[in-house]
1. Given the conditions (1) open to solvent by 40 Å² or more (accessible area, probe 1.4 Å); (2) touching a helix residue (DSSP H, G or I) at 6+ places or on another chain (Cβ under 9 Å), which single one is not true for Ser261?
2. Open to solvent by 50 Å² or more (accessible area, probe 1.4 Å) and not acidic (Asp, Glu): is that true of Tyr217 in this structure?
3. Return the total of residues in segment 138-151 being crowded, with 18+ Cβ neighbours inside 10 Å and in contact with an Asp or Glu (Cβ under 7 Å, 6 or more places away or on another chain).
4. What are the residue pairs meeting all of these: first residue in segment 45-60, first residue closer than 17 Å to Thr4 by Cβ and among the β-branched types (Val, Ile, Thr), second residue open to solvent by 100 Å² or more (accessible area, probe 1.4 Å) and not in a loop (DSSP other than H, G, I, E, B), Cβ atoms under 6 Å, and 6 or more apart or on different chains?
5. Exactly one condition in (1) in contact with a Ser or Thr (Cβ under 7 Å, 6 or more places away or on another chain); (2) open to solvent by 40 Å² or more (accessible area, probe 1.4 Å) is not met by Ile67; state its number.
6. Of all residues being touching a residue at least 12 places away in the same chain (Cβ under 8 Å) and assigned to a helix (DSSP H, G or I) in segment 110-119, which is farthest from Ile26 (Cα to Cα)? Just the residue, please.
7. Run Leu205 past the list (1) aliphatic (A, V, I, L, M); (2) under 24 Å from Ala8 (Cα atoms); (3) surrounded by 16 or more Cβ atoms within 10 Å (Cβ to Cβ) and report the number of the one that doesn't hold.
8. Considering each of Tyr155, Tyr187 in turn, give the residue that is farther than 27 Å from Asp32 by Cα, in contact with a helix residue (DSSP H, G or I) (Cβ under 6 Å, 6 or more places away or on another chain) and of a type in the set (Ser, Thr, Tyr).
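The values are calculated or read from the model by the stated rules, or taken from the named source; none is laboratory data. Only a predicted model underlies this, so the values are computations on that prediction, with no experimental measurement involved. Cβ placement follows ideal geometry from the backbone for every residue including glycine, while neighbour counts extend to all protein chains displayed. Keep in mind that these areas ignore ligands, DNA and RNA; they rest on the heavy atoms of the full protein, side chains included. Shrake-Rupley method; radii C 1.70, N 1.55, O 1.52, S 1.80 Å.
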Amino acid sequence: MVRTPFQAWLAQKVLEKEQIKSLDVIYFTQNDSEEDQYYYEQLSLISKKSDYIYVRPRRFDIFSQIIFLLKTRGYSSKYYDTVMYASINALVPNFLINKHKKAKLITFDDGLANIVTNGIFSNEVSRRSNIYRILIGSPTLKTIKKRITRHYTVYAKNKNIVENERLFFLKGWENTTNNKSDDIKTYFIGAPFEEVMSAAQILRLENFVKTQYIDAYVAHPRERNMLDIGVPILSKHGRIAEDAIIADAGDKRIRLVGWFSSVMLNLESFCESRIVLFPRDGVGSNELYELSKKSGCTPILI
């Protein structure tokens, strides 16, 4: 089961490592982005059975999860030797994992959240979410982590959701061209800013980014209201940001500006510089600020 384009990209790498030839695929999305469709198509081509489940976001997310649960009920009674997930903190994946107690559990990264110590994979959910978990029969995050046989990651330098003995590393993006071009192309890395920032913080961000000589805006699949910074939107042709940026830059060196996302880490070897912007009054910015600095980025408070 995958829920984002990055998860789907990584799932293909894990399938190769695990040498799994016969599989069923569930792709759940609340965005139905071009990237979602592109990576679902890739996975569906190598699967026996596949389902693309698009559920529009509701005001109360529990209703979306109930619809999702109902649409996946056929999978809960099937037998599988192995089950593979990234979003082990989510209600429906938890439920399905619990329905396959005898199956080997393989997990893989869901981006930056895996290596943030106070993130969604390190802490149990809120009281309300815990009530939902009990009602539908999902196990706790702690219980699921104990079941993990192997966890695949592209972040070899960081701690993850299991100890090192169960961590297996995948090669991500490596620049092997030794590019010496004098030209630099600057990309702004978008995000669903309204989920993590106030209106005042977003306005400060927008005003600052306008001073950064951006060449192209790389929109996030969940980004509904992009910043007005007066630059063209990068056409990704369904690909995740990393692949789209590398293809667009060609022989030019790359400069990234934007929110601290997995893109900032994944393209390290391609970048001339990586500038990460944080609201000076943002909740939880301190750890991300230090992590970005440790990762070789240049963090700036705005």
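1. Result: Ser261 passes all but (1).
2. It is false that Tyr217 is open to solvent by 50 Å² or more (accessible area, probe 1.4 Å) and not acidic (Asp, Glu).
3. So the count comes out to 1.
4. Sorted first by the residue in segment 45-60, then by its partner, the pairs are Ile53/Lys71.
5. Going through (1) in contact with a Ser or Thr (Cβ under 7 Å, 6 or more places away or on another chain); (2) open to solvent by 40 Å² or more (accessible area, probe 1.4 Å) one by one, Ile67 breaks only (1).
6. The residue in question is Ile115.
7. The one condition Leu205 does not meet is (2).
8. Tyr155
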